[in-house]
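Asks: Have a look at the structure that comes next, please.
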Amino acid sequence: MNEAEQRLKERFKKEFYVDYGLIFIVLFLLAFGLVMLYSTSSYEANLELGDSTYYFKHQLAAIGAGVGVMIVLSHFPSYRLLSKLAIPAYIGSAILLFMVIPFGYTANGARRWIRILGVSVQPAEVAKIGMIVFLASLICKMQKNIVPRKGFWFVMATPLPICIMVYGITSNLSSAVIILGIAFLMLFVATPGYRRFFLIIGGGVSFVAVIVYAISKASYSSGMNYRFARVLAWLDPEAYASGKGFQTLQALYAIGSGGVFGKGLGQSMQKMGFIPEAQNDMIFSIICEELGLFGAIAVIMMFVLLIWRLMIIANNAPDLFGALLVVGVMGHISIQVILNIAVVTNVIPNTGITLPFISYGGSAVLLQLAEIGIVLNVARNIPLSD
């Protein structure tokens, strides 16, 4: 085989390389999510909206659009072109967040959404993918300048304005924490040494512990900040069973009643109006009730496999920018999964965070699939060896 034929062969192989393992895991989670969403939401949807498939149909439409976006982004000429969109992504995220002030609407007691061309969009979800692109580009441009203390803290501070807007405008603390966590993980991968990261983690844990201790010594009052009330309900949910602890207690009842193998698909009792918005934040509790410990572990293992595939792609990415894009997506998904399961099992206070690819939420699942499309684009550019 001459040199020209060899180059043509390598180009052909590279152009059509697809990470089928990652695609299978994502499609499995989406299909499983649709099944569990219908099982979880059909009763209340029929009771309140007169259509048992209401949430199912809306989620299916969002997934269809998301898969289309994923395919387009995976076949985009090159993920490297995203570096040119870094600053527009940052500014665009800020603009969308500001638009919540005049144009936002309230759903489930929170003002976090806007409508663009008739489509409901949660700007905090857009900010997550925007921050991944921006930070990947910024770290690549700064290179070794992020190692000194000044450069490190400069990069760490760049997400703060977006985090402040997410928290201040949309009152979405969990999304602000996720964005900051994404930045932390991307810097951890790109910066040598672990000492400063251990110090940050230690300082953060100590600060949170002091806050929790101070709140635990306070007595509940009707005028108390609702986040403080959530902490008290987390510490003793039974004492606040009729208020802030109600959702958590019902979720724990669902988990406990599921046993090892569950009651069976569609047999949940807690979804019959006992768990508010079960199709959103608390869908994992219904999975535990209907499919038991076995089903819960199976779901967790699928997410572990997903993170493993992302790690492999990141380790073999053609350049630092591609690796950081994949690390950012990995950080987003892993942090969100951990937070959701921790909330449902009452390991941490209730923060209102969804389970990726499974919980109901059109804009969230669409943007998560867009992130997977970017990852697949990076994977397609990994050089293949004979």
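Asks: Using 7 Å Cα-to-Cβ label points, what is the Phe154/Phe294 separation (nm, one decimal)?
Replies: It works out to 5.7 nm between the two label points.
Asks: Starting from the 7 Å offset along Cα-to-Cβ, what nm value, one decimal, do you get for the label separation of Ser216 and Phe76?
Replies: So the label points at Ser216 and Phe76 sit 4.6 nm apart.
Asks: Which Cα, out of Ile101, Val18, Gly295, lies furthest along the positive dipole direction of the chain (beta carbon charges, K/R +1, D/E -1)?
Replies: Ile101
Asks: Still on this structure, please answer the following. Compute, for the chain, the length of the dipole vector about the Cα centre, with Cβ point charges of +1 (Lys, Arg) and -1 (Asp, Glu) only. Units Debye, rounded to 20.
Replies: That gives the chain a dipole magnitude of about 1200 debye.
Asks: Let me ask something additional. Picking from Gln143, Tyr79, Ala45, whose Cα lies most toward the positive end of the charge dipole for the stretch 18-380 (charges on Cβ: Lys, Arg +1; Asp, Glu -1)?
Replies: Gln143
Asks: Could you tell me the relative contact order of the stretch 93-163? Use alpha-carbon pairs under 8 Å, at least six residues apart, and round to a whole percent.
Replies: Here the relative contact order equals 23 percent.
Asks: So, R0 is 45 Å and r is the distance between the beta-carbons of Phe261 and Tyr226; what FRET efficiency does that work out to, to 0.05?
Replies: 0.75
Asks: Checking the table Lys84/Lys128; Lys84/Lys150; Lys217/Lys244 against a 20 Å threshold on Cα-Cα, which pairs fail?
Replies: Lys84/Lys150
Asks: Using the Karplus equation 6.51 cos²θ - 1.76 cosθ + 1.60 (θ = phi - 60°), what ³J(HN,Hα) coupling, rounded to whole Hz, does each residue of the stretch 33-49 give in order, writing x for Gly and Pro?
Replies: Working through the residues one at a time gives x, 5, 4, 5, 5, 5, 4, 6, 9, 4, 5, 5, 4, 5, 5, 8, 10 Hz.
Asks: Given contacts defined as C-alpha pairs under 8 Å and at least six residues apart, what's the relative contact order of the chain, whole-number percent?
Replies: 27 percent
Asks: With volume of the Cα convex hull per residue in Å³ as the read-out, I listed (i) 142; (ii) 162; (iii) 133; which label goes with the value calculated from this structure?
Replies: (ii)
Asks: In whole Hz, what ³J(HN,Hα) sequence does the stretch 235-247 give by Karplus (6.51, -1.76, 1.60; θ = phi - 60°), x for Gly and Pro?
Replies: The phi angles translate into 5, 8, x, 5, 6, 10, 4, 8, x, 5, x, 4, 4 Hz.
Asks: Full extension from Met142 to Tyr253: what is 0.36 nm times the residue separation minus their Cα-Cα distance, to one decimal in nm?
Replies: Result: 34.9 nm gained on full extension.
Asks: Taking θ = phi - 60°, what integer Hz values does the Karplus form 6.51 cos²θ - 1.76 cosθ + 1.60 yield along the stretch 126-142, in sequence order, with x for Gly and Pro?
Replies: 5, 4, 5, 6, x, 5, 4, 5, 5, 5, 4, 5, 5, 5, 5, 6, 7
Computed from the coordinates by the stated procedures, all read-outs in this text should not be read as laboratory data. Everything numeric here is computed off the predicted structure, so don't read it as measured data. Cβ: placed from backbone, ideal geometry, glycine included. Neighbour counts: every protein chain shown.
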